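The values are calculated or read from the model by the stated rules, or taken from the named source; none is laboratory data. Computed from a predicted structure; not experimentally measured. Ideal geometry is used to build each Cβ from the backbone, glycine not excepted, and the neighbour counts take in all protein chains shown. Calculation scope for accessible area: heavy atoms of the full protein, side chains included, ligands and nucleic acids excluded. Shrake-Rupley method; radii C 1.70, N 1.55, O 1.52, S 1.80 Å.
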Amino acid sequence: MKLSRYFFTTIRETPSDASTSSHIFLIRGGYIKALSTGIYSFLPMGLRVMQKLETLIRKEMNNIGGLEVDLPVVQTKELWQESNRYSDIGEELLRFKDRNEHPMVLAMTHEEAVTDMARYVLSSYKQLPFMLYQFKVKYRDEARARGGLIRVREFLMKDAYSFHSSSESLDIHYKEQYDAYIRIFNAVGIEPIVVESDTGIMGGKIAHEFMLNTPIGEDYLILCDKCGYQANREIALFKTNPYRGNEKAELKKVHTPHKTSIEEVSEFLNVPANSTAKCVFFENDSTLITVVVPGHLDVSEIKLKNILKTSELLPAEDELILASGMVPGYASPINSKNTRVFIDKNIVDASDLVIGANETDYHYMHCTPKRDFENYEVADIAEASALCLCYQCDHPLTETRGIELGNIFKLGTKFSESMKAMYLDEQGKSKAAVMGCYGIGVGRLMASVIENSHDDYGPIWPKNIAPFQVEIVSIGKDAPVLDAAEKLYNELLQQGFEVLLDDRDERPGVKFKDADLWGIPVRIAISKKTLENEQVEWKLRSEKSFELISLHDVLAQLKDFYA
RNA sequence: CGGGAUGUAGCUCAGUCUGGUAGAGCGUCUGCUUUGGGAGCAGAAUGUCGUCAGUUCGAAUCUGGCUAUCCCGACCA
């Protein structure tokens, strides 16, 4: 491709509305253009990278027996009612009506559509297992898109779905997907952290997320350096030693004026935060849910939702809390009524705690839950943090942040049962297919590669997904230089390389800056000076320095580089 | 959905406090010079100052509504 005929623009200054490296470089390099919040157009340069990622992922999906299909983005309300997700999913699912006033949705994922396809074809156990996948736009009406391609509303996803006659068969394929994902991410220079993740209320059993470890990540990961336990913080298991003081001491009310937070109370009474109890309130299905966790920890709303088997959990209104005999800011389940009380397992055996006295400006000291609480349920409900210990090996946990690049998920029979994707087994008995689903956000992966591999001037693309394999830059206007550049360009093209020729009448500085923004692995510069010795400058994007090599050695060296 | 910030030329931004005919740099176009890391000189084009209303003799500037974008949080099968 000759740049003089290419469609692009590059931006010299940092766009005012971009703050992460990938966002900045994707805009500055002319890869993408924002159309609206979280909705992006891809220019030719950006699409090339996306297509290469697709090719890479497609190869791995085919390798593990995948069959590519194409499922519609616009779907009917009825389809989503079959799986119950029409009502289970909130505003993230975009709903609209067609010209006949028929309710429709924009698919945010394709379990329903693929299950509909599967039930059309599937009739016998002999057809199982199979795996279908596609590259398809998803639309999610995100409450808050951010970070360029990191979190968007419309995006391209590789989504795969497998169907099995047994959970053992699913297990085998799940592992194949796991390994394929590792190969895909490794192929673009990423060593993902694989964490156990939430399976939600959607009938799933086991799920993993593949995370890029980065400070700009939106997910928090809990890791054990000793035994290798890794989980998303929202569901991470952990231990923490319950605070134990004087178990005999009687409840004692103390004056704590205007001290409503754990921090204020522990400082005021001069006690450690883990010797306090935090009382948090939610509302679910018109019922007040009271949760007590160790003062130094937070409630995991995901854990609580899973315990309650609901996706609906709202912060409770003060009136509801007061009506249950508790006082926000000074609350405890002691003498409460009309509420369901959950005590975190890490605090139920504690003693001598500070907790609210259900009276403004007063707390109790010497609270021992097992003695002082009534009618409570014990659950794993607090959120892990770096203050906690590994539940497997007692080693202190560490915490880091990550971007979710992909996930794999054992769905079980939730969709096949509700949507009747059935087959006859060896005994002629009708059974629901066992399913798994596997997703990778392609655009997010593109952005993540940049986050993972860039310098001050632009992305440093891995060889296999760079928009072009080699860029030739001519320096100056001398006819012999231009001729040599064009000749080399044609030669490399004929040899099957993807070549970008910067034949613009621009100063070298401009050309080099743009080359850095495109991050093409090999840059070959030809100038009057180098040509005097029949040489060119060979520079790798990943290196600072260049070398002069013979014009005649370029092809061999390039072949060697891409071998 | 809460909190914060911003919206002025294609881009980055000044001007707003203290109301008085719209600015700079970069980019674009023309010409000359220049040619190894976003050049120099000369000239030119470019704006419903996000939008609607209000105050005022007069609004980019003051007031209110709306809207868009970004950041933090909530949310995220």
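Residue check: residue A:394 meets all listed conditions (1) in contact with a Phe, Trp or Tyr (Cβ under 9 Å, 6 or more places away or on another chain); (2) under 23 Å from residue A:238 (Cα atoms) but one, namely (1). For region A:258-312, a residue qualifies if it is part of a helix (DSSP H, G or I) and within 18 Å of residue A:238 (Cβ to Cβ), and the qualifying residues are A:273, A:274, A:301, A:302, A:303, A:304, A:306, A:307. Consider residue A:131 carefully, then state whether it is under 27 Å from the mean Cα position of the chain (by Cα), under 20 Å from residue A:69 (Cβ atoms) and part of a loop (DSSP other than H, G, I, E, B). Taking the combined requirement at face value, the residue does not satisfy it.
Only residues that are within 17 Å of residue A:485 (Cα to Cα) and hydroxyl-bearing (Ser, Thr, Tyr) were counted across region A:513-563, and they come to 3. Annotation: residue A:263 fulfils all but one of (1) free of Cβ contacts under 8 Å to residues at least 12 places away in the same chain; (2) within 16 Å of RNA strand B (Cβ to nearest atom); the unmet one is (2). Residue count for region A:386-404, restricted to those that are in contact with a strand residue (DSSP E or B) (Cβ under 6 Å, 6 or more places away or on another chain) and open to solvent by less than 20 Å² (accessible area, probe 1.4 Å): 3.
Of the residues making up region A:423-442, those that are among the small types (Gly, Ala, Ser) and surrounded by fewer than 24 Cβ atoms within 10 Å (Cβ to Cβ) number 4.
Restricting region A:460-476 to residues that are within 13 Å of RNA strand B (Cβ to nearest atom) and open to solvent by less than 30 Å² (accessible area, probe 1.4 Å), the residue that is farthest from residue A:131 (Cα to Cα) is A:474. Say we look at region A:275-289 and pick out the residues that are without any contact (Cβ under 8 Å) to a residue 40 or more places away in the chain and not charged (D, E, K, R); which of these is nearest to residue A:309 (Cα to Cα)? Restricting to residues being without any contact (Cβ under 8 Å) to a residue 40 or more places away in the chain and not charged (D, E, K, R), the top hit is A:284.
Of the residues in region A:11-27, how many are within 6 Å of RNA strand B (Cβ to nearest atom) and open to solvent by 30 Å² or more (accessible area, probe 1.4 Å)? Break it down into steps so the answer makes sense when it comes.
Let us first name the residues in region A:11-27 that are within 6 Å of RNA strand B (Cβ to nearest atom), namely A:11-13, A:15-17, A:19.
Adding the requirement that they be open to solvent by 30 Å² or more (accessible area, probe 1.4 Å) leaves A:11-13, A:16-17, A:19.
The total comes to 6.
If you scan region A:290-338, which residues turn out to be among the hydrophobic types (A, V, I, L, M, F, W, C), within 16 Å of RNA strand B (Cβ to nearest atom) and touching a residue at least 60 places away in the same chain (Cβ under 8 Å)? Within region A:290-338, A:291, A:293, A:297, A:299, A:302, A:304, A:307 meet the criteria. In the set A:302, A:289, only one residue is within 28 Å of the chain's Cα centre (by Cα), assigned by TED's automatic domain parsing to the domain that holds residue A:363 and among the β-branched types (Val, Ile, Thr); that residue is A:302.
From A:555, A:540, A:492, grab the single residue that is touching a residue at least 24 places away in the same chain (Cβ under 8 Å), among the aliphatic types (A, V, I, L, M) and open to solvent by 20 Å² or more (accessible area, probe 1.4 Å).
So the residue among A:555, A:540, A:492 that is touching a residue at least 24 places away in the same chain (Cβ under 8 Å), among the aliphatic types (A, V, I, L, M) and open to solvent by 20 Å² or more (accessible area, probe 1.4 Å) is A:555.
Considering each residue of region A:288-309, count those that are open to solvent by 20 Å² or more (accessible area, probe 1.4 Å) and touching a helix residue (DSSP H, G or I) at 6+ places or on another chain (Cβ under 9 Å), and give that number. The qualifying residues number 1. Which residues, taken from region A:439-459, are more than 13 Å from the chain's Cα centre (by Cα) and within 15 Å of RNA strand B (Cβ to nearest atom)? Hits for region A:439-459 are A:450, A:451, A:454, A:455, A:456, A:457, A:458, A:459. The set of residues in region A:102-139 that are within 13 Å of RNA strand B (Cβ to nearest atom) and polar (S, T, N, Q) comprises A:109, A:115.
Conditions (1) hydroxyl-bearing (Ser, Thr, Tyr); (2) modelled with pLDDT of 90 or more; (3) on the phi > 0 side of the Ramachandran plot, marked per residue:
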{"residue": "A:275", "(1), (2), (3)": "yes, yes, no"}
{"residue": "A:285", "(1), (2), (3)": "no, no, yes"}
{"residue": "A:294", "(1), (2), (3)": "no, yes, no"}
{"residue": "A:313", "(1), (2), (3)": "no, no, no"}
{"residue": "A:328", "(1), (2), (3)": "no, no, no"}
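Against the conditions (1) surrounded by 22 or more Cβ atoms within 10 Å (Cβ to Cβ); (2) outside the structural domain of residue A:420 (by TED's automatic domain parsing), residue A:245 satisfies every one except (1). Residues in region A:507-527 that are within 7 Å of RNA strand B (Cβ to nearest atom) and either of a type outside the set (A, V, I, L, M) or surrounded by fewer than 17 Cβ atoms within 10 Å (Cβ to Cβ) (or both): A:507, A:508, A:509, A:510, A:512, A:513, A:514, A:516, A:527.
Please indicate, with yes or no, whether at least one residue in region A:448-459 is hydroxyl-bearing (Ser, Thr, Tyr), modelled with pLDDT of 95 or more and closer than 30 Å to residue A:165 by Cβ. Scanning region A:448-459, I find no residue that is hydroxyl-bearing (Ser, Thr, Tyr), modelled with pLDDT of 95 or more and closer than 30 Å to residue A:165 by Cβ, so the answer is no. Checking each residue in region A:56-115 for being in a helix (DSSP H, G or I) and open to solvent by 50 Å² or more (accessible area, probe 1.4 Å) picks out A:58, A:59, A:62, A:63, A:77, A:78, A:81, A:82, A:87, A:88.
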